[in-house]
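Beneath this line is the structure, given in structure tokens, with notes to follow.
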Amino acid sequence: AQKVTQAQTEISVVEKEDVTLDCVYETRDTTYYLFWYKQPPSGELVFLIRRNSFDEQNEISGRYSWNFQKSTSSFNFTITASQVVDSAVYFCAPTGSGTYKYIFGTGTRLKVLA
Amino acid sequence: DAGITQSPRHKVTETGTPVTLRCHQTENHRYMYWYRQDPGHGLRLIHYSYGVKDTDKGEVSDGYSVSRSKTEDFLLTLESATSSQTSVYFCAISARQGAENTEAFFGQGTRLTVV
């Protein structure tokens, strides 16, 4: 059985600080896909990034970067120089290669204070 | 933005009545999903579809049924609404790129209140 854990319920940072959101995905699958979504106060779900389990490189896109450690099933998402508009709930949602069901974590609420 | 429309966007209904939520897509994606979102639980999968007339249960399917008679529409029915089904319901769609899963795109959500 697969299990996704977002242990951080809520994080508060001051604007311009860097913040890292943690996600742990426990699975027996050797190939899987990890997705991060953002849900701002308006309520819509916005896709942010996708990561494949077989992709070893960590990546940066603008203020977003992600660090994937397969050995610990840890998929962390970092926002550099946070802004008030980054305030939202962030969900990680993995899916295995043999399935098309997205399993959502319980989310991390990020509050960026001006 | 992905073409997904949920209707209605808001509904208040009485306990014991049947309710149908509609999800309509214009992207011709094969996979469609219904999730519910409740505080402390994130999004939980109710039912999903992997093609016309092909559906399967998710983790919280009791009290719900679905139908997909054409690619673009996925209906979620609460057979006899209960207060525990008060929630925000999201429809999602996704496709595949070869053997790889792509991201899911979500509708705007339907806020359902059962009184």
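With R₀ set to 41 Å, the beta-carbon distance separating B:GLU100 from B:LYS11 gives a calculated FRET efficiency near 0.65.
Ranking B:TYR33, A:ALA88, A:SER74 by how far each Cα lies toward the positive end of the dipole of the protein assembly as shown (charges on Cβ) leaves B:TYR33 at the top.
Pairs A:LYS16/A:LYS38; A:LYS70/A:LYS111; A:LYS111/B:LYS57; A:LYS3/A:LYS101; A:LYS38/A:LYS111; A:LYS111/B:LYS11: which exceed 24 Å Cα-Cα? Violating the 24 Å Cα-Cα cut-off are A:LYS70/A:LYS111; A:LYS111/B:LYS57; A:LYS111/B:LYS11. Coupling constants for the range A:89-94 follow from the phi torsions by the Karplus curve (6.51 cos²θ - 1.76 cosθ + 1.60, θ = phi - 60°), and in residue order they are 9, 10, 10, 9, 9, x Hz; glycine and proline get x. Working from the Cα coordinates of the protein assembly as shown, the gyration tensor eigenvalues give, after taking √(5λ), semi-axes of 30, 21, 15 Å in decreasing order. Each residue of the range A:29-42 was assigned a 3J(HN,Hα) from its phi angle through the Karplus curve 6.51 cos²θ - 1.76 cosθ + 1.60 (θ = phi - 60°); the sequence is 4, 8, 10, 7, 10, 10, 10, 10, 10, 10, 10, x, x, 6 Hz, with glycine and proline shown as x.
Of B:GLY63, B:GLY42, B:GLY16, which is the most mobile in a GNM of chain B whose springs link Cα atoms less than 10 angstrom apart? For chain B, modelled as a Gaussian network with Cα springs under 10 Å, the answer is B:GLY42.
Springs join every pair of Cα atoms under 10 Å in this Gaussian network model of chain A, and among A:VAL89, A:VAL46, A:VAL24 the largest mean-square fluctuation is at A:VAL46. Each Lys and Arg contributes +1 and each Asp and Glu -1, all at the Cβ; summed about the Cα centre of the range A:34-83, the dipole is approximately 60 debye. What the phi angles of the range B:35-49 give under the Karplus curve with 6.51, -1.76 and 1.60, with θ = phi - 60°, is a coupling list of 10, 10, 10, 10, x, x, 10, x, 9, 10, 7, 8, 8, 9, 9 Hz, glycine and proline written as x.
Model label sites at A:GLU26 and B:THR26, defined 7 Å from Cα along the beta-carbon direction, differ in position by 4.4 nm.
Here chain A yields Rg over Rh of 0.96, to two decimals, using C-alpha coordinates and the Kirkwood radius.
A convex hull fitted around the alpha carbon atoms of the range B:1-88 yields 97 Å³ per residue.
Computed about its Cα centre, the charge dipole of chain B is approximately 180 debye, with only Lys, Arg, Asp and Glu carrying charge at their Cβ. With contacts taken as Cα pairs under 8 Å and at least 6 residues apart, the range B:13-115 reaches a relative contact order of 33 percent.
Taken about its Cα centre, the range A:1-110 carries a charge dipole of roughly 300 debye when the Cβ of each Lys and Arg holds +1 and the Cβ of each Asp and Glu holds -1.
FYI, it's all coordinate maths here, none of it is from the lab. Every value quoted in this text rests on a predicted model; they were computed, and no experiment measured them. Every residue, glycine as well, gets a Cβ built from its backbone with ideal geometry; the counts of neighbours run over all protein chains shown.
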